[in-house]
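Below is one structure, written out as structure tokens; comments come after it.
The values are calculated or read from the model by the stated rules, or taken from the named source; none is laboratory data. This one's a predicted model, so the numbers in the text were calculated from it and none came from an experiment. Positions of Cβ are backbone-derived with ideal geometry, glycine not excepted, and every protein chain shown enters the neighbour counts.
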Amino acid sequence: MKENSQDWDLVIKPTRSLWYIDFKEIWRYRDLFVQYVKRDIITVYKQTILGPLWFFISPIFTTIMYMFVFNTLAGISTGDIPAPVFYMSGNILWIYFGACFGTGQGAFTGNAGVFSKVYFPRLVAPLAGITSAFIKTLIQSLTLIVIYMYYVTHGVPLHLTIEALLLPAIILLTALFGLGCGLIISALTVKYRDLNNLVAFGLQLWMYATPVIYPVSIATKPELAIFLKLNPLQGIFTDFRYMITGMGEMDWTGLLYSTIVTLSVLFLGIIVFNRQERTFMDTI
């Protein structure tokens with residue numbers, strides 16, 4: 001406090017409105033943001049035997065399982081896209097979505113110990129979470145690149161399309177949609193912890209309603225096709241595969257729908273986050 005004055009150098013108070021984001025304040029805490037990102041990445045392989053190899057083990061084994069169960073046993077065709085490329089690409093993108101969703105969902109419960117002791121912009125934690133998840137996804141994508149190049153060198157006509165310039169937008173939509181959904185769910189799981197089990201089950205069902213393990217063309221019945229198109233992730237996953245393989249076609253309508261839903265969900269998520277921020281310590 002200034003000498004002989006009642007004016008404070010820094011006043012900490014609730015946000016002015018439920019949708020307000022103070023980007024300048026978040027930027028001032030960029031060092032903390034970096035530390036959060038480093039922590040999230042290091043904890044994946046700290047005190048493990050295989051270390052950073054765990055970044056690659058999960059998508060590889062999951063892809064092998066998908067190939068055996070859905071491609072070999074169930075006989076679900078992946079079209080002209082080689083099965084390893086199809087499943088690996090969908091799996092990596094879904095892992096990223098799930099990580100962003102989990103970051104939003106655990107924004108309060110996962111950082112309650114820190115939030116209760118020191119002040120900093122609370123959005124730093126979830127933003128750092130989706131950033132560290134993005135870095136992990138980039139590392140995991142090295143496996144996809146190796147498999148991709150194997151098929152290219154063996155004559156399979158895989159190629160990046162001109163629409164691949166929108167890949168950063170696809171990744172951003174995936175992150176923001178996952179974060180927005182997680183922030184909305186966080187308002188419930190802060191008060192009712194047992195809902196975490198239900199959310200985990202619902203997330204698993206959501207994956208099966210998303211073209212992660214099957215192409216959209218499998219929906220031969222009109223009602224099933226409509227159901228898939230109502231899923232905001234459908235356009236994101238379909239266009240992502242088209243951009244990196246050149247097989248199929250670009251779903252511009254689905255991408256526009258995904259963008260509108262993502263922005264709406266993110267806006268609602270921020271409102272829920274700012275509202276919960278004011279009272280969550282009393283709840284926890």
Exercise. Which of the residues belonging to region 207-241 are more than 21 Å from Leu166 (Cα to Cα) and either touching a Pro at 6+ places or on another chain (Cβ under 6 Å) or touching a residue at least 12 places away in the same chain (Cβ under 8 Å) (or both)?
Worked result: Met207, Ala209, Ile213, Tyr214, Ser217, Ile218, Phe227, Leu228
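To keep it simple, each residue is scored yes or no on (1) under 22 Å from Arg275 (Cα atoms); (2) more than 11 Å from the chain's Cα centre (by Cα); (3) assigned to a helix (DSSP H, G or I); (4) not aromatic (Phe, Trp, Tyr).
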{"site": "Tyr148", "(1), (2), (3), (4)": "no, yes, yes, no"}
{"site": "Val156", "(1), (2), (3), (4)": "no, yes, no, yes"}
{"site": "Pro168", "(1), (2), (3), (4)": "no, yes, yes, yes"}
{"site": "Leu179", "(1), (2), (3), (4)": "yes, no, yes, yes"}
{"site": "Gly182", "(1), (2), (3), (4)": "yes, no, yes, yes"}
Problem set entry | Top-ranked residue of region 200-228 - restricted to ones that are within 26 Å of Ile270 (Cα to Cα) and under 15 Å from the mean Cα position of the chain (by Cα), ranked as surrounded by the fewest Cβ atoms within 10 Å (Cβ to Cβ) | Gln204
Exercise. Among the residues of region 197-210, is there at least one that is in a helix (DSSP H, G or I) and touching a Ser or Thr at 6+ places or on another chain (Cβ under 6 Å)?
Worked result: no
Exercise. Under the condition of being under 19 Å from Pro121 (Cβ atoms) and modelled with pLDDT under 70, which residue from region 264-284 is surrounded by the most Cβ atoms within 10 Å (Cβ to Cβ)?
Worked result: Phe280
Seminar exercise, completed: Only unsatisfied item for Thr174, checking (1) exposed (fewer than 15 other Cβ atoms within 10 Å of the Cβ); (2) in contact with a Ser or Thr (Cβ under 9 Å, 6 or more places away or on another chain); (3) in a helix (DSSP H, G or I); (4) not charged (D, E, K, R), is (1)
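Grab the helices (runs of 4 or more DSSP H) fully contained in region 49-141, keeping just those with 1 or more residues being over 30 Å from Val190 (Cβ atoms) and in contact with a helix residue (DSSP H, G or I) (Cβ under 7 Å, 6 or more places away or on another chain).
54-66, 83-105
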Seminar exercise, completed: Within region 92-116, restricting to residues that are of a type in the set (S, T, N, Q) and under 24 Å from Leu266 (Cβ atoms), the one that is nearest to the chain's Cα centre (by Cα) is Thr103
